[in-house]
Every structure is written in C-alpha cells, then in structure tokens.
Amino acid sequence: MQISKYNASGNDFVIFHTFVEKDYSSLAKKLCHRQEGIGADGLIVLVPNTGVDFKWLFYNSDGSHAAMCGNGTRACAHYAFANGLANSEMTFLTDAGLVSSSVDNDIVESELTEVKKLSDKFEDMGKEWHFYDTGVPHLVCEVASLDEYDKELASKMRYKYNANVNFVLRSDDALHVRTYERGVEDETGACGTGMAACFYALHVEGKVGSESRVYPTSQEELNLRFCNGKLFFKGKVKKVFETNI
C-alpha cells in the first residue's frame, strides 16, 4: 500500500485513501509506532462518502478513535487536493461533523466544527479551568509561564475529565500553548483543536480579539480567527515523504 507522511505545525500523520471503510485501529498502532513503524501522532484514512468530497477515519497513535483533530484536518485537506480527491475548496465528514478546508500551496485553513461549552469555569488541582469541545473535549488553563506545564497533573486531569489538557500563555500579542493529548498520552508538538479551545476560551473572556497568532510547542506560527460564530484555523502543512509498505 502507498502512504504519505505529513507534518502540520508539529503534529505528524500517516495518511492514505481507500475504498474500504473498516476498523484500522491495529494498523494505526503499527504505522504510528515511533521505533517499529513510520512514526506519527495519528493515522488518517480517507474513504468515499455521498454528498461531500470524502469522509475521514482518524486514529490516535495508540489505535484509539478520535472524532476530530484540527491539525489533522489541514494535513488531510492538503493530501486530498494533492491526490486529486478534492478541489482546493472542500468539505469532508468527521465524527464531530462537517469540516470545510481551503488549500493555497502549503497554507491550509480549516473551518472547525461548532464549539460546545462543556462546563462553566471551575477550579481543580489548584488551577482554574475552562472546558470546551472544539471537535474533541479540551481543558484550558491560563498560566503566567509555560513552565507551569506539569505532565503528571495533566495526566490526572485527562483521565478525570476524559479530555485533552492545555496550558496557555498570553505574551507578545500572541498565545503560546502546551498540550497533553489523550490517545498519545503525552505532550505533542501541537494540537489544533487545543489551540482553538485556548483561543476561544480567552476570546469569550475578552482577553483576545477576534483573531490571534498562536504558537504551539513546535513554535510554528498559526492563525486562529472567530468570524460569524465560526472558528477558522490556518497554518503551513508539509508533506514529509511518500512510500510503499
């Protein structure tokens, strides 16, 4: 089979397309394994779907299923356009809902699914948390320094609330984010839905405007904007390689 590896702002993915829709959990674990496989944060499989350009199946590196992945949508859109599966403007189906993306060379912008508020702001483990679903659930904690990121605390919060955990710093008219992702069970280089949750939480509180630069751990610049009740997420995408396995 032919597969491609993509990198989107520090998140890496193995991607392929097929006519066969089935459970690829075991394949995801094999391909995403850092030492014994290709190595990636997740596997994206594109399959045909009536009424939209395609449907995606998304798996974390541990083989678990995920409804949504922000950076994954951008990598997926670039792959679809490059392989003639869709035009530069496309709509595809995820388990979180429909996602629209536009491709302009190596820049891809995705319109994310509708944000859902999961809880009022609350305190737990000595910190204050926002709780939103931007395709998948995210806990957001604003911090004075990203050194406050604590993997053990993040892991406890992840299992207590079954959510990804984000620490966000406002600095230099931009947001800086560190994210602990469930399914990977560790900090990742970037998390698109996590950055979206951070931006949205601070936007609701009036701490950022309708548009902001956001930097994940990978330090690649991304742009988040909130327009007409919708979240848009833009940044560079890189095809790392293509191979047969």
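Just how far, in whole angstrom, is segment 172-245 from segment 80-109 if you go by their alpha carbon centroids? Segment 80-109 and segment 172-245 have Cα centres spaced 17 Å from each other. Ranking of M125, M195, M90, M1 by neighbouring Cβ atoms within 10 Å, starting from the fewest: M1, M125, M90, M195. In the chain, the longest principal axis of the Cα atoms and the axis of helix 70-82 are about 30 degrees apart. Pair-distance distribution P(r) for segment 116-232, from all Cα-Cα distances in 5 Å bins starting at 0: 2, 12, 26, 28, 20, 10, 2, 0 percent. Over 21 Å apart at the Cα level, from the set K116/K160; K127/K236; K29/K151; K22/K160; K29/K117; K29/K156, are K127/K236; K29/K151; K22/K160; K29/K117; K29/K156. Working note: 222 nm ellipticity from helices only, DSSP H runs with n ≥ 4, each -39,500 (n - 2.57), summed and divided by the residues of the chain, gives -5500 deg cm²/dmol to the nearest 500. Rounded to the nearest 10 degrees, the angle from helix 192-204 to the longest Cα principal axis of the chain is 30 degrees. Using the alpha-carbon positions of the chain, Rg (one decimal) and Dmax (whole number) come out as 16.9, 50 Å. Dimensions of segment 1-96 from C-alpha coordinates, computed as largest minus smallest value along each principal axis and given longest first, are 37, 27, 26 Å. When only Cα pairs below 8 angstrom with a gap of at least 6 residues are kept, the chain shows a relative contact order of 21 percent. Shown for I38, I44, I245, I107: other C-beta atoms within 10 Å of each C-beta, ranked fewest to most, produce the order I245, I107, I38, I44. Only Cα sites of segment 47-192 enter the Debye sum here, all with the same form factor; the resulting log10 I(q)/I(0) across q = 0.18, 0.20 1/Å is -1.07, -1.22, listed in q order.
When each of D172, D133 is scored by the number of other beta-carbon atoms lying within 10 Å, the sequence from fewest to most is D172, D133. The aspartates and glutamates whose alpha-carbon is closer than 12 Å to the alpha-carbon of K5, local same-chain residues fewer than 8 away aside, are D41, E242. Of the trypsin sites (Lys or Arg not before Pro) found in segment 195-245, the ones in coil according to DSSP and having at most 16 other Cβ atoms within 10 Å of their Cβ are K207. Put one equal scatterer on each alpha carbon of segment 88-141, apply the Debye formula with no solvent term, and list log10 I(q)/I(0) at q = 0.18, 0.23, 0.28 1/Å to two decimals. Taking Cα atoms of segment 88-141 as identical point scatterers yields -0.69, -0.85, -1.03.
Any read-out appearing in this document is the output of simple, stated calculations on the displayed coordinates, not a laboratory observation. Remember, it's a predicted structure, so these values are computed and weren't measured experimentally. Don't worry about glycine lacking a Cβ; one is built from the backbone with ideal geometry, like all the others, and counts go over all protein chains shown.
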